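*Asks:* Can you read through this structure? Questions will come right after.
Any read-out appearing in this document is the output of simple, stated calculations on the displayed coordinates, not a laboratory observation. Keep in mind the model is a prediction, meaning the values are calculated, not measured. Cβ atoms come from the backbone with ideal geometry, glycine included; neighbour counts cover every protein chain shown.
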There are 2 protein chains.
Amino acid sequence: MSHIYLKLDVLKVFCEEAFQRFGFTKEEAQIITDVLLLSDKYGIESHGMQRLVRYHKGIKNGVIKVDAKPEIVFETPVSAVIEGHDGMGQLIGVFGMNTAIEKAKKSGMAIVTVRNSNHYGIAGYYARMASDQGLIGMSFTNSEAIMVPTFARKAMLGSNPIAIAVPADPYPFFFDASTTVVTRGKLEMYHKAEKPLHDGWALDENGKPCNDAGRVLKNISAKKGGGIMPLGRNEEYSGSHKGYGYGMISEIFTSILSMGLTSNHTHIDGKGGTCHGFIAIDPACFGDPQEIREHLSVFLQELRDAPKAEGQDRIYTHGEKEHFAVERVQEQGVAVDMKTVIEMMQLANDLQIDFSDFFGDIHPDEKYYASLY
Amino acid sequence: MSHIYLKLDVLKVFCEEAFQRFGFTKEEAQIITDVLLLSDKYGIESHGMQRLVRYHKGIKNGVIKVDAKPEIVFETPVSAVIEGHDGMGQLIGVFGMNTAIEKAKKSGMAIVTVRNSNHYGIAGYYARMASDQGLIGMSFTNSEAIMVPTFARKAMLGSNPIAIAVPADPYPFFFDASTTVVTRGKLEMYHKAEKPLHDGWALDENGKPCNDAGRVLKNISAKKGGGIMPLGRNEEYSGSHKGYGYGMISEIFTSILSMGLTSNHTHIDGKGGTCHGFIAIDPACFGDPQEIREHLSVFLQELRDAPKAEGQDRIYTHGEKEHFAVERVQEQGVAVDMKTVIEMMQLANDLQIDFSDFFGDIHPDEKYYASLY
C-alpha cells in the first residue's frame, strides 16, 4: 500500500471546506475537522480524515442529519442526558463534554450521557478536552456491534472504547482504547495488506477462531455472526470475560444510562443510534490539583524508568506515543494512503472543490510513492 | 488437594469470634466477617476466610493497626479523601463506600479515595453495597506490585481490580476483576496443584514469559523482578498496553487522587499503605431509575439469549456465576482446603478458642476427604 504525506494545515482547510459543502456552518465544520485531525495527529488514521467519505455517505443516505442540534432532555447539577436527534457525532460529542466540564467546574464532577448520535471520532478527543482544562476527563461510546461476548458467536457489543485523560507533566496521562482486542480498523489494515490476522483476534460466523480478515469483515457488515474478540481473547483463562466486562462498562455509561440503543440495536435500517458517555472530575475535589498532578507525574516517570524486559529498550506511559506522533505529523504531514487520496479527489469533484487548489498535482499511481508497509 | 465443607453460619460465628480475639469490637468483627464471607459465597476462596491467618500475622507484626479509625481529611458534597491510619482494610472500605453512598444520595454522585489502608478483601463487596441500595457502585484498590507493565521486567502496579455493580433483574450486573490477566491467588492455586502456568500469564525476573508458578511467586515476594502480565499479555498486538491502562485507571482513583502510595511503594518495610477508591452514582440523575434498570435487564437477557459459539451452551452475564455460587455455598457450605483447616486449628489454639466447639471433630488427613481438583 502506498501513501503520500499531506500537510496538516492544508488538510485542515480542505476538510473545513468539505464539511461546509456538506451543509454545516463554518464553526461546525471547524469543530468536526478539529476532532478528525487530532486522530490523524495521533497516527490513528482509521478515525481521522479518512472518514470524510464515510461521513459524506452517512449524510447523503440520511443516517446523519446535518441540521440536528443536540438537546439536553434531563439534567441535575452533576448530570445530563442529551438527545442527539441523529446529528453529527463530533458536534454532539463536543457539546456533551462541554456540558460535563461546565457542570464539573461548578459541582466538582459530572456525568453526561448521550443517545441517538453517530460516530464521534476518537473517544480520546473528548477526554483531552477536560484534561486541557485541568480536569480528569473520561469518554465512552458504543458502536455497531463487533465484539463477540465470551462463548457467543454473534457480535453484541461495539468496539466500546474507554478513554481517560489526566493532567500530568511533561504530558498528560492519556489512555484511549477499544475494549475489543483490536479495532475493526486494524482488521481493515490487515485485509488491505493481505496479511493473516493474529491468533486471538477474531471469530468466524460459528464462533470459531478465524485468521481471515476479509471473511470476518464481510460477516460483521452482513451481521452473519462472528466478529472481534474482547480484550483477553475468547477463553476465560486468558481473561475474555474481563474485556467483555470493560465493554459492558462502556455500554452502561452510554446506552444504558441514556435509555438509548445498545450496540446490538444500532446501525440497523438506516439509523445510527450511537450513544456516548462523558465524565469530568475536578481534582480540586481531592485536595491541591498541583500536588496531585505532581504525584501522578512522579509515578509516570518511575514507570518509564523501570527496568526493561530483556530485548526491550523502552517502557511507554499512556499518551507518550501520541505526544511524539503529533510532533512527527506536524513536521512531515499526515500519511494518507492512495485509495483514500483517490476517494478525496472524487469527493472534491462531487462537491465542486478544485482538489489541486489545495494539494497541487497528485498522480494517484502507486508506483510513484514509497510504501509505508 | 483435599477440601472439606464448613457450614456458612458456623464459619461466620467462628470468624467473628476470632476477629474479636484479635482486638476488634463485636461490630467491627461482624463487618470484617461479612466482607470475607461474601468472597467465600462467591467461590473466590483466595479473598475469603482463608485470609484469617494472614490478617492475624498482619496485626501481630504491626502492619494492620487494630485501633485505627478511618478519618475524613478532605471533603466536598461529591467527594472525600480518607486517611486510613493503617487500619483494617475492610473497616476502612465499608466506611469509604458508606461515605460515597451517603453523599451520592444527597448530591447524585460521589467519589471517595482512601490512603494508608490495608488489604480490603474483594473489591466487589463495596460495589454491591451501593447496588443493594439502588445505586451504581464502583470500587478500586491498588496492592503490592505484581503487574509488570508492557515491556518492563519489574512489577510496578498491583492486581488493581476494578469492580462495578449496577441494579438489574433477576440479579445485578456485577463485574469484579483484576486488571492483571490472572490474580496472584490463581498462581498460588497452580503452584499448590503443581500445574504449569498457561502461556500469557507470567514473566520471570528477566521479563521473559515463564510457566513456573513457584519461581514467579518467589520473585514477587522477594521483589526480584518478574510478575504477572496485564490483561492482554505482554505484547501490544494482544493488547498488553490496554490491561496496563486499566491498571493505571485503578491506580488513579486510589493512590493518585488520595496522595497515597502507588503500588510500587506499598508493602515495604512493615508498611501496607494500600489505597482504595469508591464511586456511587444515583441512576435518578439520568431519569427514572426503574426504567434504566429494566433497560439494562433487557440487554443482559439479550446477551444470555445470543447464539452460542460452536461447542458452548451458555453465555454468562457478569454476576451470574456469583449469584449461583451463593446458592450452592449456602446449601453445601464453603469448601476449605485441608492446609487452611490446619491453619485455622493452629489459630484457634493461639487464640484459645476450642475449634471443635465450632466444627466438631475434624481429622486433618487428606485421605478422608474428597478431592475438588
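*Asks:* Per residue of B:108-115, count partner chain C-beta atoms within 10 Å of its C-beta, then hand back the mean as an integer.
*Replies:* Values: counts 8, 9, 4, 6, 1, 3, 0, 0.
If you average over the peptide's residues, the count of other-chain Cβ atoms is 4.
*Asks:* Something else about it: Under Stokes-Einstein, with the Kirkwood radius over Cα pairs standing in for Rh, what whole-number D in µm²/s applies to region A:268-373 at 25 °C and 0.890 mPa s?
*Replies:* Details: Rh = 19.7 Å.
Translational D for this selection: 125 µm²/s.
*Asks:* Now for a different question. Let me check I've understood the local charge: for residue B:205, count other residues with C-beta under 12 angstrom from its C-beta, Lys and Arg +1, Asp and Glu -1. What total comes out?
*Replies:* Net charge around residue B:205: +4.
*Asks:* Given label points at 7 Å from Cα along Cα→Cβ, what nm distances, shortest first, separate residue A:57 from the same residue in every other copy?
*Replies:* Spacings between copies for this position, smallest first, are 6.1 nm.
*Asks:* What Kirkwood radius, in Å to one decimal, follows from the Cα pairs of the protein assembly as shown?
*Replies:* 26.7 Å
*Asks:* While we're looking at this one, here's another question. If amide H atoms are built 1.01 Å from N in the plane of the peptide, which residues on other chains or at least 5 residues away come under 5 Å of the amide H of residue A:87?
*Replies:* When sequence neighbours closer than 5 places are left aside, the close amide H contacts are A:65.
*Asks:* Put the label 7 Å from Cα along Cα→Cβ for residue B:193; what are its distances to the other copies, in nanometres, shortest first?
*Replies:* Label-point separations across copies, in nm and ascending: 3.8.
*Asks:* Right, something else. Take the alpha carbon gyration tensor of chain B, find the square roots of its eigenvalues, order them as a ≥ b ≥ c, and report rounded if a/c is under 1.5; if not, report prolate when a/b exceeds b/c, else oblate.
*Replies:* Taking the square roots of the gyration eigenvalues as a ≥ b ≥ c, chain B is rounded.
*Asks:* What residue among A:27, A:320, A:102 shows peak mean-square fluctuation when chain A is described by a Gaussian network model with Cα springs under 10 Å?
*Replies:* Of A:27, A:320, A:102, the most mobile in the Gaussian network model is A:27.
*Asks:* Moving on. Which residues' amide hydrogens lie under 5 Å from the amide hydrogen of residue A:168, considering only partners 5 or more residues apart or on another chain, with H built in the peptide plane?
*Replies:* Those qualifying (amide H under 5 Å, at least 5 residues apart or on another chain) are A:173.
*Asks:* Then there's this: In the neighborhood of residue A:261, defined by Cβ-to-Cβ distances under 9 Å, what is the net charge if each Lys or Arg adds +1 and each Asp or Glu adds -1?
*Replies:* It works out to a net charge of +2.
*Asks:* Under the Karplus relation 6.51 cos²θ - 1.76 cosθ + 1.60, θ = phi - 60°, what is the ordered set of whole-Hz ³J(HN,Hα) values for region A:50-63, x standing for Gly and Pro?
*Replies:* 3, 7, 2, 5, 5, 5, 4, 4, x, 6, 5, 8, x, 5
*Asks:* Fewest first, what order do A:194, A:28 take by the number of other Cβ atoms within 10 Å?
*Replies:* Fewest to most other Cβ atoms nearby, the residues stand as A:194, A:28.
*Asks:* Here's something else I'd like to know. With viscosity set to 1.002 mPa s at 20 °C, what whole-number translational diffusion coefficient in µm²/s follows for region A:180-264 from Stokes-Einstein and a Kirkwood radius over Cα pairs?
*Replies:* 159 µm²/s
*Asks:* Return the long-range amide H neighbours of residue A:162 (sequence gap of 5 or more, or a different chain), with a cut-off of under 5 Å between placed amide H atoms.
*Replies:* For residue A:162, the qualifying residues are A:177, A:179.
*Asks:* Run through the other copies and list how far each one's label point is from that of residue B:133, in nm with one decimal, shortest first; the point sits 7 Å from Cα along Cα-Cβ.
*Replies:* 3.0
*Asks:* Hey, what do the phi angles of region A:101-110 turn into as Karplus ³J(HN,Hα) couplings, whole Hz, using 6.51/-1.76/1.60 and θ = phi - 60°, x for Gly and Pro?
*Replies:* Once rounded to whole Hz, the list reads 5, 4, 5, 5, 5, 8, 9, x, 7, 7.
*Asks:* Distance between the C-alpha centers of region B:23-48 and region B:147-169? Whole Å please.
*Replies:* First find each Cα centre; the distance between them is then 22 Å.
*Asks:* Once every DSSP H run of n ≥ 4 in chain B is given -39500 (n - 2.57) and the sum is divided by its residues, what mean residue ellipticity at 222 nm do you get, rounded to the nearest 500 deg cm²/dmol? List each step's numbers first, then the result.
*Replies:* On the way: 12 runs with 146 residues, N = 373.
Per the formula, -12000 deg cm²/dmol.
*Asks:* Using per-residue counts of other Cβ atoms within 10 Å, averaged over each peptide, order A:110-118, A:306-314 from highest down.
*Replies:* Most protected by this proxy first, the peptides run A:110-118, A:306-314.
*Asks:* Quick check: net charge around residue B:185, other residues with Cβ under 11 Å of its Cβ, Lys/Arg +1 and Asp/Glu -1?
*Replies:* In short, +2.
*Asks:* Here's something else I'd like to know. Just checking the output field for B:314-327: average partner chain Cβ neighbours within 10 Å of each residue's Cβ?
*Replies:* 2
*Asks:* In addition: Within the set A:154/B:41; A:195/B:308; A:192/A:223; A:195/A:224; B:60/B:321; B:69/B:271, which residue pairs have Cα atoms separated by over 24 Å?
*Replies:* Over 24 Å apart, Cα to Cα: A:154/B:41; A:195/B:308; B:60/B:321.
*Asks:* Next question, about the same structure. Rounded to whole Hz and in sequence order, give me ³J(HN,Hα) for region B:246-255 from the Karplus expression 6.51 cos²θ - 1.76 cosθ + 1.60, θ = phi - 60°, writing x for Gly and Pro.
*Replies:* Listing the rounded values in order: 5, x, 5, 4, 4, 5, 5, 6, 10, 6 Hz.
*Asks:* What residue among B:187, B:351, B:36 shows peak mean-square fluctuation when chain B is described by a Gaussian network model with Cα springs under 10 Å?
*Replies:* Comparing B:187, B:351, B:36 in a Gaussian network model of chain B, the most mobile one is B:351.
*Asks:* Rounded to the nearest angstrom and ordered from largest down, what semi-axes does the equivalent ellipsoid of region A:185-228 get from its C-alpha gyration tensor (root of 5λ)?
*Replies:* 15, 12, 7
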